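Undergrad: Pasting a structure here, questions to come.
The values are calculated or read from the model by the stated rules, or taken from the named source; none is laboratory data. Keep in mind that this is a model prediction, so the values were computed, not measured. Methodologically, a virtual Cβ is constructed for each residue, glycine included, from the backbone with ideal geometry; neighbour enumeration extends over all protein chains shown. The accessibility values were calculated without ligands, DNA or RNA, using every heavy atom of the protein model including side chains. Shrake-Rupley method; radii C 1.70, N 1.55, O 1.52, S 1.80 Å.
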Amino acid sequence: QISLLIGFISVNNSSWTDYSAYSFFQIVTMCDLVMILFFYIMHIFRVYRKLTCVSWPLAEFLHYLIGTILLLIGSIVAAAKSYNITGLVAGATFGFLATILCVISMWSSYKVSCITQSTSK
């Protein structure tokens, strides 16, 4: 979350040369931040116990998968259109770091929810 937030702030405070590339990057980072916050709130208040009709491990896995793919695309576009402006390069770098961290989080989420459940049966 922190790398996404730093990437968003870096891009937001820089002078843009291509509005479409960085608007996409900002939208993707904000959507990822909101969805991560949503899943944390669901976990903190244990709402997942009351809503048993939703497969929460699958929902979390799909969130990370879609968010990671969009974040990777946004970071590639942001890096290609940065024109050596330091804030934009920093935003793209933190976008790539957040992509790697999302892949690790997706793998750990899959490992905890799916592999643990299949071995306990």
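Undergrad: Which condition breaks for F61 when tested against (1) at pLDDT below 85; (2) not assigned by the TED database to the domain that holds L97?
TA: (2)
Undergrad: Continuing with this model, one more query. Test of understanding: among C53, C31, which residue is over 16 Å from the mean Cα position of the chain (by Cα) and open to solvent by 40 Å² or more (accessible area, probe 1.4 Å)?
TA: Step by step, each of C53, C31 is checked, and only C53 is over 16 Å from the mean Cα position of the chain (by Cα) and open to solvent by 40 Å² or more (accessible area, probe 1.4 Å).
Undergrad: Among the candidates G67, G74, G95, single out the residue that is touching a residue at least 60 places away in the same chain (Cβ under 8 Å), part of a helix (DSSP H, G or I), surrounded by 16 or more Cβ atoms within 10 Å (Cβ to Cβ) and within 14 Å of the chain's Cα centre (by Cα).
TA: G95
Undergrad: Tell me which residues, restricted to region 40-55, are at pLDDT below 85 and not in a loop (DSSP other than H, G, I, E, B).
TA: The one that is at pLDDT below 85 and not in a loop (DSSP other than H, G, I, E, B): Y48.
Undergrad: Name the residues in region 16-28 that are at pLDDT below 85 and open to solvent by 80 Å² or more (accessible area, probe 1.4 Å), would you?
TA: Y19, S20
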